[in-house]
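For reference, the structure is listed below as C-alpha cells.
The values are calculated or read from the model by the stated rules, or taken from the named source; none is laboratory data. No experiment lies behind these values; they were computed from the predicted model shown. Every residue, glycine among them, receives a Cβ derived from its backbone with ideal geometry; neighbour counts consider all protein chains shown.
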Amino acid sequence: MYLLDTCVFLWASFEPAKLSSSAIDALSEGDELHLSAASAWEIAIKFAQDRLPLPASPERFVPEAAGLLGAQELAVRSAHAFKAGALPRHHPDPFDRLLIAQAIAEHLTIITPDPAFKKYKASVLW
C-alpha cells in the first residue's frame, strides 16, 4: 500500500521519465495506491497562483488522473493533522509534513524522491 507524494502524482501524469524504476514498478504492480486530499489542495493552490499549468481545472484533473493511476483518495483527518504538528522539524513544507504523518498513521509506504522524508519513521520508496 502506497501514498503518492504530490510530485510523484504529477510526474506519473505528465513526466513519467522522472520516476525511478522502483516507483514505476510500484505504480504498475496493481498494489493499493493513495493520493492525499492534501495533494489535491497543494495542486489547487499552485494552479490558482499560476505556478502549475494543468490541462483542466484541478477539480477535474486530479480525480481523472488519480483514476487513471488507480489511486484512491486519502482524506485528511484530525489525527493526521495532530501527528503532522508533532513531527520533528526535519522538513519545513507543511504539505509534505502532512503526507509524512498520513503515511505513518495509515502504515503506508510513501513514494517520493525527497531525501528529507527518510529522516522520519515513515516507510519510503524511491
For this session: Output yes when any residue across the stretch 21-35 is under 14 Å from Leu10 (Cα atoms), in a helix (DSSP H, G or I) and either basic (Lys, Arg) or free of Cβ contacts under 8 Å to residues at least 40 places away in the same chain (or both), and no when none is.
Result: yes
For this session: With the condition kept exactly as written, say whether any residue in the stretch 73-93 is exposed (fewer than 13 other Cβ atoms within 10 Å of the Cβ) and of a type in the set (Phe, Trp, Tyr).
Result: yes
For this session: Among residues belonging to the stretch 24-46 that are charged (D, E, K, R) and at pLDDT below 95, point out the one that is nearest to Leu98 (Cα to Cα).
Result: Asp31
Exercise. Among (1) assigned to a loop (DSSP other than H, G, I, E, B); (2) within 13 Å of Ala71 (Cβ to Cβ), where does Pro53 come up short?
Worked result: (2)
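Can you find even one residue in the stretch 50-66 that is among the charged types (D, E, K, R) and closer than 25 Å to Thr109 by Cα? Show your work before the answer.
Here is the first cut: in the stretch 50-66, the ones among the charged types (D, E, K, R) are 50-51, 59-60, 64.
Now narrow it down to the ones that are closer than 25 Å to Thr109 by Cα: 64.
Within the stretch 50-66, one or more residues are among the charged types (D, E, K, R) and closer than 25 Å to Thr109 by Cα.
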Exercise. If we scan the stretch 27-36, do we find a residue that is surrounded by 12 or more Cβ atoms within 10 Å (Cβ to Cβ), more than 24 Å from Asp93 (Cα to Cα) and aliphatic (A, V, I, L, M)?
Worked result: yes
Exercise. What about Ala116, is it surrounded by fewer than 16 Cβ atoms within 10 Å (Cβ to Cβ), of a type in the set (Gly, Ala, Ser), at negative phi and outside any helix (DSSP H, G or I)?
Worked result: no
For this session: Could you please tell me which pairs satisfy a Cβ distance under 8 Å, a separation of 6+ or placement on different chains, a first residue in the stretch 62-74 that is assigned to a strand (DSSP E or B), and a second residue that is surrounded by fewer than 17 Cβ atoms within 10 Å (Cβ to Cβ) and of a type in the set (Asp, Glu)?
Result: Gln72/Glu32; Leu74/Glu106
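This table checks each residue for (1) of a type in the set (Lys, Arg); (2) within 10 Å of the chain's Cα centre (by Cα).
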position	(1), (2)
Leu4	no, yes
Leu10	no, yes
Ala26	no, no
His34	no, yes
Ala71	no, no
Arg77	yes, no
Leu87	no, no
For this session: Answer yes or no as to whether Ala44 is within 20 Å of His107 (Cβ to Cβ) and either part of a helix (DSSP H, G or I) or free of Cβ contacts under 8 Å to residues at least 12 places away in the same chain (or both).
Result: no
Exercise. If the Cβ limit is 6 Å and pairs must be 6+ apart or interchain, which residue in the stretch 1-12 that is of a type outside the set (Phe, Trp, Tyr) pairs with which residue that is in a loop (DSSP other than H, G, I, E, B)?
Worked result: Met1/Glu32; Met1/Leu108; Leu3/Leu108; Asp5/Thr112
